[in-house]
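Note sheet for the following structure.
The values are calculated or read from the model by the stated rules, or taken from the named source; none is laboratory data. The shown structure was predicted, so the numbers you read here are calculated from the model rather than taken from an experiment. Counting neighbours? That spans all protein chains shown, and the Cβs are built from the backbone with ideal geometry, glycine included. In case anyone asks, the SASA skips ligands and DNA or RNA and just uses the protein heavy atoms, side chains included. Shrake-Rupley method; radii C 1.70, N 1.55, O 1.52, S 1.80 Å.
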Amino acid sequence: MRFVSIASGSSGNCIYAGTEHTHILVDAGISARRTEQGLFEVGVKPSELSAIFITHEHSDHVKGLGVLARKYEIPIYGTQGTLREIRKMKGLLEYPRELLTPVLPDVKFQVGDLDVMPFHIDHDAADPVAYRIQAGAKSIAVATDLGHFNQYTIDHLLDLDAVLLESNHDRRMLETGPYPYYLKRRIMGDFGHLSNENAGRLLNCILNDKLKHILLGHLSKENNLPELAYETVRLEVDMGDCPYQASDFHMAVAGRDKMSEILTV
């Protein structure tokens, strides 16, 4: 299975995962043109996509969805709450509504040779989920927009081979930055976003011998720096209680405006 971030950040998110036979996106929050370019770099034609899995309805996760759906008629998977909100979005214009396919958190479904498990996340959206994707014995997950994590979150992220994990903000940058108070509270709240420190703490709970690739994603443009996210998460791992060191794993930061390297698991 291959895994690549086409874009990941507070301004747009689009992740590719696939096997030789099945190709999917998690979110379509960048322009259709950028998505197409990213897929071509992976060696996949947009017309070969089997599905788009939507985590939630915020624009940085669905911006390019309407164009992709119109051009390629790709099935769109999301929870009932997410799909209800997507149907209301006039900015997506016209596309075949029969492409919208509901999923349930904690109910596995299959697309091609991929087994997909949506699981609930706490974020200020209608009914948001993260996705765990398995092909044979290999498993990856895309987990962003986490206001906080608990044992339920940890359980769904165990025994992975690769993960894209939110590392949204540096708490000090956010606290002293220009955002209005209500927005700072929202981001730092239980239905907001995961800080660099909390990303490292969650990582401590899910590290295992199988895990080979860690991508830190959904970084805030205003309240984080790639180097800061990377070093903070590494420090949390190195100082944590788990038996691993950050140097035991391949860790990188997913770019906002450029693709990550193509990871193979």
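Here are a few things to note about the model shown:
- Estimated Rh, the chain: Kirkwood, alpha-carbon pairs, angstrom: 18.2
- Charge tally in the Cβ shell below 13 Å around T176, where Lys, Arg are +1 and Asp, Glu are -1, T176 excluded: 0
- Surface share of carbon and sulfur [accessible, 1.4 angstrom probe, percent] for the range 125-247: 52
- Counting only protein heavy atoms and a 1.4 Å probe, the range 122-187 has 41 square angstrom of accessible area per residue.
- Karplus-derived 3J(HN,Hα) values for the range 232-237, using 6.51 cos²θ - 1.76 cosθ + 1.60 with θ = phi - 60°, are 5, 5, 4, 5, 4, 5 Hz; glycine and proline are entered as x.
- Protection-proxy order for peptides 89-100, 138-149, each taking the mean of Cβ atoms within 10 Å per residue, highest first: 138-149, 89-100
- Long-range amide H partners of S139 with built H, under 5 Å: D161, A162
- Given charges at Cβ of Lys, Arg, Asp, Glu: the range 142-265 dipole, positive-most of M259, G217, Y182: Y182
- Amide H within-cut-off set for Y77, under 5 Å, with H built and near neighbours excluded: I52, F53, I54, T101
- Global form of the range 1-119, assessed from the alpha-carbon gyration tensor, a/c cut-off 1.5: rounded
- Links that overshoot a 27 Å alpha carbon limit, given the list K108/K210; K45/K210; K45/K88: K45/K210; K45/K88
- For the range 215-256 and the range 157-203, distance of Cα centres in Å: 12
- Net dipole in debye of the range 205-255 [+1 Lys, Arg Cβ; -1 Asp, Glu Cβ; about Cα centre; nearest 20]: 220
- Solvent-accessible surface of the range 1-102, averaged per residue with a 1.4 angstrom probe and all protein chains in place: 39 square angstrom.
- The ratio of the alpha-carbon radius of gyration of the range 190-240 to the globular-protein estimate 2.2 N^0.38 Å is 1.14.
- Relative to the 2.2 N^0.38 Å rule of thumb, the range 79-142 has a C-alpha radius of gyration ratio of 1.25.
- GNM top mover of D248, D159, D124 - the chain, alpha-carbon springs below 10 Å: D248
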